[in-house]
Every structure is written in C-alpha cells, then in structure tokens.
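Everything on this sheet refers to the single structure shown next.
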Amino acid sequence: MKRPPLKTIVAVAVLASIGLATWLFWPRGGAAGLTGYVEGETLYFAAPASGAVTALNVERGQRVAAGTVLFAVDAGTAQAQGEQARAAAQAAGERAQDALKGQRPQELAVFQAQRASAKAQLDQAEAEFRRVQTLAAKGIYAPARLDQARASVGVARAQYQETLRRLDVAELGAREDQAQAAAAEAERARAGVTEADVRTRQLSPAAPVAGRVEDVFYRPGEWAVANTPVVALLPDDRVKLRFFVPQSEVTRYRPGGRVRFSCDGCRGGEARIAYVSPRPEFTPPVIYSRGNRERLVFLVEATPERPGELAPGQPVEIARLGDAE
C-alpha cells in the first residue's frame with residue numbers, strides 16, 4: 001500500500017491541532033457556569049498561660065453556637081492572683097477613705113486635752129498679770145515684774161493658739177494631694193482586679209460566633225503550652241465562595257450583587273458578592289474546571305446564604321450573570 005506524502009500528513013496534523021486548540025480555547029458563551037470552590041478562614045483558640053486542660057466541651061466536626069465555652073485550662077493560679085488583687089484593692093480603697101477623714105477620736109481627745117491645759121495656763125497668766133499690774137500701780141512691784149507678767153501672758157496665749165491649730169488640723173483629712181494619691185492607688189488596684197478577672201476568663205475561651213469545630217489538638221489532662229491552639233473553629237461568617245470571572249464579563253459583577261451557585265451534595269442557593277479583585281490574573285494551572293475557559297480572569301468572592309452547609313475545598317459552579325443582569 002502506498003503511503004501518503006509527508007506534506008499531507010503534516011497538513012492533517014496542523015489542521016487537527018488548530019481544531020483542538022479552537023475547541024479548548026474558544027469562548028463557550030453564557031451557557032456554561034463559572035467554576036470555583038469554598039474557602040474558609042479558621043480561628044485558632046488558645047490560652048494565654050500554660051496549664052493542664054481541665055475540660056473539653058466540643059468535638060471535631062461539631063457545630064457550636066455563639067458563646068459556647070470551647071475548653072478550659074487550669075485556672076488555679078489565675079484565681080489566686082485574682083483573690084490577691086481583690087484584697088489589695090480593698091486595702092487601697094480603705095486607705096483612700098481614711099485619707100478623707102480626720103484623726104481617730106482617741107487622737108482628737110489628746111489634742112483637746114492639750115487645748116484645755118493651754119487655756120488654763122493662759123487664764124492663770126492673765127490673772128497673774130492683772131494682780132501684778134494692780135500691785136505695780138501701788139508701787140509694791142517694780143515695773144520689771146510687770147513686764148515679766150506681761151511676757152508670760154504672751155507665751156501662754158501663743159501656746160493656746162498652737163493647740164487650737166493642731167486640733168483644727170487633726171479634725172481635717174489628709175492634704176488634697178495625699179487624698180488624690182490614695183484615690184489613684186485605689187483605682188489602680190481595682191484595675192488590677194479587672195485584669196485578673198480577664199486573665200481567668202481567657203483560660204476558658206468561648207466561640208465568638210456560630211461555626212463548626214475543625215480540629216481539637218489537646219484532650220483533658222494534657223498540658224497545653226501558652227498561646228498554643230487547643231481548638232480550631234471555622235466560623236460561619238468566614239465561609240465564602242471563590243470563583244474566577246473572565247475579563248470580558250467582570251463588569252457584570254459588583255460588590256453587593258447576587259449570584260446563584262450549585263454543588264454536589266448541597267442544596268445550592270444564592271451568594272452575595274463581597275469582593276471583586278481589581279487586578280487580573282492568569283487561570284491557575286490547577287482549578288476545579290470543566291474545561292479551559294478564557295485564560296485572563298478576575299477573582300470574585302461571595303458570601304453564601306447557608307455557609308454552615310458548605311465545606312472548605314468543596315467545588316462549586318456559579319451561574320453566569322447575563323447582560324441584562
């Protein structure tokens with residue numbers, strides 16, 4: 001049998017290659033959907049201090065509601081520090097209150113007795129001065145004796161005024177700056193109580209939102225190192241769809257818009273577009289796809305209506321938006 005010419009074989013091969021390339025890369029129009037996958041951003045919960053895990057309230061794959069306590073680490077040390085902080089705050093508060101008060105009744109009684117004694121001495125000095133003054137006028141005492149009696153009255157009066165001032169000071173509280181310093185110390189001590197309570201609560205973290213437990217790294221009785229994850233949680237509000245839109249269609253997709261999606265083993269539904277990449281990129285070499293589409297695409301992220309039903313990595317197909325949409 002005669003073999004065909006080499007030129008004919010080459011021509012047929014070229015035409016076949018052109019046909020295959022045309023079939024692979026020719027745009028399919030709006031009939032085929034866009035391909036993408038489910039993406040999830042995991043939260044990792046750890047304790048700020050090392051300790052033994054005393055309680056584990058969740059298991060891998062379990063759905064939890066917002067506010068659910070995930071686990072607990074031994075809080076004995078933190079609780080002791082909290083009690084110490086509360087005792088210090090109480091002592092500081094009492095000192096601040098005491099700074100606003102005067103001396104104790106027993107101390108005031110001492111100053112009052114000193115005042116009475118000084119008043120008696122003043123009365124005695126004044127009476128002696130009047131007697132000497134009368135006798136000096138009659139020439140019985142010399143003028144020097146009168147000057148001495150007058151000086152004794154001045155000394156007694158000064159001593160009496162001093163006791164009055166001491167009693168006034170004793171009845172007052174501490175100086176204003178001292179009272180303010182005591183109040184600031186009490187406030188700092190109360191802040192220490194709040195800090196201790198926060199540290200204790202951090203040893204038993206709770207889920208901030210509803211989600212699904214992805215993994216558990218420590219079990220009760222095991223020693224968890226500080227800041228090492230104990231539980232991994234996938235929050236519902238951090239589940240999103242990621243898909244790629246050809247550059248010829250990207251203007252149809254805007255944040256706030258809605259798209260419909262479907263996937264194997266799920267009910268599908270709608271998703272709200274949350275992000276459209278401002279920069280194009282080439283289609284990744286590995287992507288869930290039913291065929292090669294346009295090579296230049298834009299990343300789009302959308303938030304599904306029922307994120308709890310989707311699993312990260314799950315392939316999805318997005319219905320293309322028409323020109324009218």
For R131, what is the net charge nearby, where nearby means another residue's Cβ is under 15 Å from its Cβ and Lys, Arg count +1, Asp, Glu -1?
0
Students often check this: by mean Cβ neighbours within 10 Å, which of 246-255, 307-316, 132-141 ranks highest, and how do the rest follow?
307-316, 246-255, 132-141
Under a Cβ-Cβ cut-off of 12 Å, what is the net charge of the residues other than E41 that fall near it, where Lys and Arg count +1 and Asp and Glu count -1?
-2
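Each value in this text was obtained by applying a stated rule to the coordinates, not by laboratory testing. Source: prediction; values computed, not measured. Please note: Cβ atoms are built from the backbone with ideal geometry, for glycine as well, and neighbour counts cover all protein chains shown.
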